[in-house]
Amino acid sequence: MIQFEAEDIDIPIFNTNVTADWIANVINIFGKRVGELRYIFCTDEFLYDLNVKYLNHNTYTDIITFDTSENPDYIAGEMFISLERVAENAVVNSKSIENELFRVLIHGVLHLIGFNDKLDSEIIEMRSQEEKCLSLLP
């Protein structure tokens, strides 16, 4: 089940059913099944506080992903997304806010699938996977 929620902010306007189907399709392509996935949209400050509290990172970010999978065949987790950071990154990267939002949505799933983005080579692979996934959007 894929859920979209918000914490002290409005949920952005997008077709949640089509988006959930797209995310499920990506997960299936990687040979996994959809478990409990929760996307929680929030403010920069809310996500910053989570970043400090749980990851000891004193920085702003666009997404934090917590893996809650109990079975390696299923993808499950909670993904907190700063809509303010998504909007800012869209401007910086000359993308639409919608495109950047979908990139961040799938970025969290790719982390849950097993992709990382700490090393330069991992970042390149992550971006490549994001683009492949975005090309599957209906």
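A short reminder: the numbers here are calculations on the coordinates, not readings from a lab. Quantities reported herein were computed from a predicted structural model and do not represent experimental measurements. Glycine also receives a Cβ, built like all others from the backbone with ideal geometry; neighbour counts cover every protein chain displayed.
The residues ASP117, ASP10, when put in order of fewest to most other Cβ atoms within 10 Å, stand as ASP10, ASP117. Note that segment 28-44 has calculated 3J(HN,Hα) couplings of 5, 4, 7, x, 10, 10, 7, x, 7, 10, 10, 9, 10, 7, 8, 8, 4 Hz, one per residue in order, obtained from phi through the Karplus relation 6.51 cos²θ - 1.76 cosθ + 1.60 (θ = phi - 60°); glycine and proline are x. Packing around the peptides 14-23, 120-129, taken as the average count of other Cβ atoms within 10 Å per residue, puts them in this order, highest first: 14-23, 120-129. Since only GLY114, ALA90, THR65 are under comparison, the one whose Cα sits farthest along the positive direction of the charge dipole of segment 64-138, derived from C-beta charges on Lys, Arg, Asp and Glu, is ALA90. With both residues required to sit in the chain, DSSP beta bridges show an antiparallel share near 30%.
Compactness ratio for segment 2-138: Cα radius of gyration over 2.2 N^0.38 Å (N = residue count) comes to 0.99.
Determine, for TYR60, TYR39, TYR48, the number of other Cβ atoms within 10 Å of each Cβ, and report the residues in order from fewest to most. Don't skip to the answer; put the middle values down first.
Details: TYR60 14, TYR39 24, TYR48 19.
Listing TYR60, TYR39, TYR48 from fewest to most nearby Cβ atoms yields TYR60, TYR48, TYR39.
When each of ILE106, ILE75, ILE9 is scored by the number of other beta-carbon atoms lying within 10 Å, the sequence from fewest to most is ILE9, ILE106, ILE75. Given a 10 angstrom Cα cut-off, can you work out which residue in LEU119, LEU50, LEU105 is the most mobile in a GNM of the chain? Among LEU119, LEU50, LEU105, the largest GNM mean-square fluctuation belongs to LEU119. Modelled spin labels at THR65 and LYS132, positioned 7 Å past Cα toward Cβ, are 1.4 nm from each other.
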